[in-house]
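The values are calculated or read from the model by the stated rules, or taken from the named source; none is laboratory data. These numbers come from a predicted model, not from an experiment. Cβ placement follows ideal geometry from the backbone for every residue including glycine, while neighbour counts extend to all protein chains displayed.
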Amino acid sequence: MSHYYSQHAAALRAELGQAISREQMRVLHTKMPWRHFVVAGRQFLMLGLATWGLVRIDTWYLWLPLAVVQGFTVFNFTVLLHEVLHHLVFQKPHKRIERLLGFLYAIPSGIAPSQFTRWHLDHHAELGSDTADPKRHHLSPKRNARWYKLLYATPALFPIYFRAAFKETSTYPADLQRTIAWERKISILCHLGVLGGIWWAWGGAAAFRAHAFPVFFIFPVAFTLNRLGQHYDIDPADPAKWGTLMRSHWFWNFAFLTSNLHLEHHYFPGVPFYHLPALQRALAPFYERKGMRWQTYRGLIYGWLVRNKRPHSDWSLV
């Protein structure tokens with residue numbers, strides 16, 4: 001790896017070190033396992049209740065909202081997996097427990113935890129690079145057409161994502177590739193088992209409502225919307241603005257487990273997700289000094305689809 005971000009963010013790190021006091025840093029970096037597991041338990045409860053409701057309810061205007069809840073909940077297990085790979089659950093690393101949690105959180109979205117871990121850590125190290133950052137190089141749309149962008153919010157996301165992951169994975173060591181392959185097989189078998197079990201017990205319509213529709217039609221919307229708020233509206237000339245500054249909002253903080261505050265996470269990747277809103281408030285004077293623009297999801301959708309802005313560019317420019 002070239003560690004592109006470290007090469008360009010030395011001055012930024014010095015500024016951030018002055019923007020937050022040591023006491024604030026200590027508090028914000030404090031990991032509270034009970035808070036993580038309360039949220040994780042809530043997500044499993046939401047997944048279970050939504051699944052049960054989707055199995056039992058066949059009136060469209062009742063099951064459709066449940067499908068939205070389930071699709072976003074499935075996406076949010078990737079957020080919990082993200083906490084694990086950054087070692088943000090416990091005060092000290094617990095390899096076996098973290099390995100188990102990684103599997104548990106990866107299965108609902110059907111991804112391989114080892115692939116996601118390597119992919120994401122490389123993304124942190126190479127942020128700002130057109131070629132070394134795997135998310136930017138392989139997954140960001142290369143065709144700036146509205147119809148193509150919309151594909152990311154449909155079931156087409158899955159072949160797009162897995163094609164991108166395959167390209168990047170092919171560069172990994174052979175032993176890591178083998179680990180990723182069997183992890184992916186386990187995830188796929190789990191999904192087929194759940195789908196088949198619901199189909200066998202309650203029929204094909206229930207299987208569509210309780211599994212296929214939330215996973216293939218709602219999850220891509222949650223994934224794409226969340227990704228719009230990461231690194232699409234940026235200033236390529238300033239490392240402080242290589243992430244999109246999203247305005248904190250109670251609804252989106254709940255809907256995305258505060259993963260919508262992605263810029264703050266890149267500034268301080270050792271801060272657990274439940275402290276990110278407080279971190280953003282502490283950084284407000286820094287943002288004002290830097291003249292940084294706040295974004296909202298409504299503004300992102302307008303810029304992305306109506307104004308047809310390119311990813312990883314400054315959307316304030318005409």
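Here Ala174, Ala181, Ala240 are screened, and the one residue that is more than 19 Å from Trp63 (Cβ to Cβ), among the small types (Gly, Ala, Ser) and in contact with an Asp or Glu (Cβ under 8 Å, 6 or more places away or on another chain) is Ala240.
Per this entry, Gly229 is counted among residues that are touching a Ser or Thr at 6+ places or on another chain (Cβ under 6 Å), modelled with pLDDT of 95 or more and not in a loop (DSSP other than H, G, I, E, B).
Number of residues in the stretch 24-40 that are outside any helix (DSSP H, G or I) and of a type in the set (Val, Ile, Thr): the value is 1.
Please work out if Leu121 is on the phi < 0 side of the Ramachandran plot, under 18 Å from the mean Cα position of the chain (by Cα) and buried (at least 18 other Cβ atoms within 10 Å of the Cβ). Spelling it out, it is not the case that Leu121 is on the phi < 0 side of the Ramachandran plot, under 18 Å from the mean Cα position of the chain (by Cα) and buried (at least 18 other Cβ atoms within 10 Å of the Cβ).
Restricting the first member to the stretch 59-88 and to residues that are surrounded by 22 or more Cβ atoms within 10 Å (Cβ to Cβ), and the second to residues that are part of a helix (DSSP H, G or I) and acidic (Asp, Glu), the beta-carbon pairs closer than 8 Å and six or more apart or on different chains are Val84/Glu98.
Within the stretch 145-163, the set of residues being part of a loop (DSSP other than H, G, I, E, B) and either among the hydroxyl-bearing types (Ser, Thr, Tyr) or over 22 Å from the mean Cα position of the chain (by Cα) (or both) comprises Ala145, Tyr152, Thr154. I want to confirm something. Restricting to the stretch 164-208 and keeping residues that are outside any helix (DSSP H, G or I) and among the polar types (S, T, N, Q), which single residue is nearest to Val74 (Cα to Cα)? By that ranking, first place goes to Ser170.
Listed by first and then second residue, the pairs linking a residue in the stretch 255-274 that is small (Gly, Ala, Ser) to a residue that is part of a helix (DSSP H, G or I) and crowded, with 22+ Cβ neighbours inside 10 Å, with Cβ atoms under 6 Å apart and 6 or more places separating them unless they lie on different chains, are Ala255/Phe72.
Per the conditions (1) without any contact (Cβ under 8 Å) to a residue 12 or more places away in the chain; (2) more than 30 Å from Leu195 (Cβ to Cβ); (3) among the hydrophobic types (A, V, I, L, M, F, W, C); (4) surrounded by 12 or more Cβ atoms within 10 Å (Cβ to Cβ), the sole criterion not satisfied by Leu49 is (2).
Within the stretch 52-67, is there a residue that is of a type in the set (Ser, Thr, Tyr) and in contact with a Gly (Cβ under 7 Å, 6 or more places away or on another chain)? Within the stretch 52-67 (the criterion being of a type in the set (Ser, Thr, Tyr) and in contact with a Gly (Cβ under 7 Å, 6 or more places away or on another chain)), the answer is no, since none of the residues qualifies.
Any residue at all in the stretch 209-217 that's free of Cβ contacts under 8 Å to residues at least 60 places away in the same chain, of a type in the set (Phe, Trp, Tyr) and part of a helix (DSSP H, G or I)? The answer is no, given that none of the residues of the stretch 209-217 is free of Cβ contacts under 8 Å to residues at least 60 places away in the same chain, of a type in the set (Phe, Trp, Tyr) and part of a helix (DSSP H, G or I). Residues of the stretch 100-132 being modelled with pLDDT under 95 and closer than 24 Å to Val271 by Cβ, which ones? Scanning the stretch 100-132 gives Ser109, Ile111. Just checking, does the stretch 262-278 include any residue being among the β-branched types (Val, Ile, Thr) and surrounded by fewer than 17 Cβ atoms within 10 Å (Cβ to Cβ)? No, the conditions are met nowhere in the stretch 262-278. Among residues of the stretch 113-137 that are more than 20 Å from Asp238 (Cβ to Cβ) and touching a residue at least 40 places away in the same chain (Cβ under 8 Å), those with a Cβ under 7 angstrom from a residue that is among the β-branched types (Val, Ile, Thr) and assigned to a helix (DSSP H, G or I), sequence gap 6+ or separate chain, pair up as Ser114/Thr179; Ser114/Ile180; Gln115/Thr169; Gln115/Ile180. Pairing residues of the stretch 26-38 that are under 17 Å from Asn76 (Cα atoms) with residues that are acidic (Asp, Glu) and assigned to a helix (DSSP H, G or I), at Cβ distances under 7 Å and at least 6 apart in sequence or on separate chains, gives His36/Glu83.
Just so you know, in the stretch 283-292 the residues that are loosely packed, with under 15 Cβ neighbours inside 10 Å and farther than 10 Å from Ala19 by Cα include one that is farthest from the chain's Cα centre (by Cα), and it is Arg289.
For the stretch 1-23, which positions are outside any loop (DSSP other than H, G, I, E, B) and among the small types (Gly, Ala, Ser)? Matches in the stretch 1-23: Ser6, Ala10, Ala11, Ala14, Gly17, Ala19.
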